[in-house]
1. Shape call for the range 58-111 from the C-alpha gyration tensor, a ≥ b ≥ c root eigenvalues: rounded (a/c under 1.5), prolate (a/b greater than b/c) or oblate?
2. So which chymotrypsin sites (Phe, Trp or Tyr not before Pro) in the range 59-93 are both in a DSSP loop and have at most 16 other Cβ atoms within 10 Å of their Cβ?
3. So what does log10 I(q)/I(0) come out to for the chain at q = 0.08, 0.15, 0.21 Å⁻¹, using the Debye formula with one equal point on every Cα and no solvent?
4. When the chain is treated as a GNM, springs tying every alpha-carbon pair under 10 Å, which of ASP57, ASP38, ASP117 comes out with the largest mean-square fluctuation?
5. Using modelled amide H (1.01 Å from N, peptide plane; none on Pro or chain starts), what sits under 5 Å from the amide H of HIS87, excluding residues fewer than 5 places away?
6. What helices does the chain hold that run 30 Å or longer along their axis, going by alpha-carbon atoms, with a Kyte-Doolittle average of 1.0 or more, using DSSP H for the helix calls?
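Each value in this text was obtained by applying a stated rule to the coordinates, not by laboratory testing. Computed from a predicted structure; not experimentally measured. As a convention, Cβ positions derive from the backbone with ideal geometry for all residues, glycine included, and neighbour counts pool all protein chains shown.
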Amino acid sequence: MNKLSVKGLKWLKGFHLIAVACWVGGAVSLLSLYFLKDSVSDGNVLYGMNQSIHHVDMSIVVVPGAIGSLLTGLVYSLFSNWGFFRHNWLTFKWIVTSIAIVFGTFFLGPWETAMMDISGKIGLASLQNPDYLYNQQMNLIFGTLQVMVLIITIFVSIFKPWKSSK
């Protein structure tokens, strides 16, 4: 299979880093917004915050960053000497990326959507609604955990620990 040139790899690395920055930076931003909800005194503001969180996550930063990370990683594996599973640290990155995207799709995203929907219907009363509070707590706990694992993965990529699997 054809390999990318040195210049092509540099471009790819740049796009990969931008995607990772969007994914992780966006996720940190979303978590930060949860702490602003304590001072909310208007149901429309709460709904607006949840709607903003949802759109930044799904449409603008986090999901595009995650997909961009996955796709640029795929191009790296196909068109460079890195491969998919040539090194244990790469295998780790593939596992973490895949699990993070699946977990975000089936858990974090739906919890976030539920919070937006509930706050859109009942406004400020959401802050006493058990379903809203459950979704918010799950998103905060597991969103924080996911961000921490993604940050660890960045450092795994930098330090490239573990010997080659081949």
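1. Values: a/c = 4.17, a/b = 1.81, b/c = 2.30.
Cα axes put the range 58-111 in the oblate bin.
2. Details: sites: TYR76, PHE79, TRP82, PHE84, PHE85, TRP89, PHE92; in loops: TRP82, PHE84, PHE85.
Filter output for the range 59-93: TRP82, PHE84, PHE85.
3. -0.30, -0.81, -1.31
4. For the chain, modelled as a Gaussian network with Cα springs under 10 Å, the answer is ASP38.
5. SER165
6. Numbers: long enough: 6-34 (42 Å, 1.16); 130-159 (43 Å, 1.16).
Sorted by number, the helices that extend far enough and score high enough are 6-34, 130-159.
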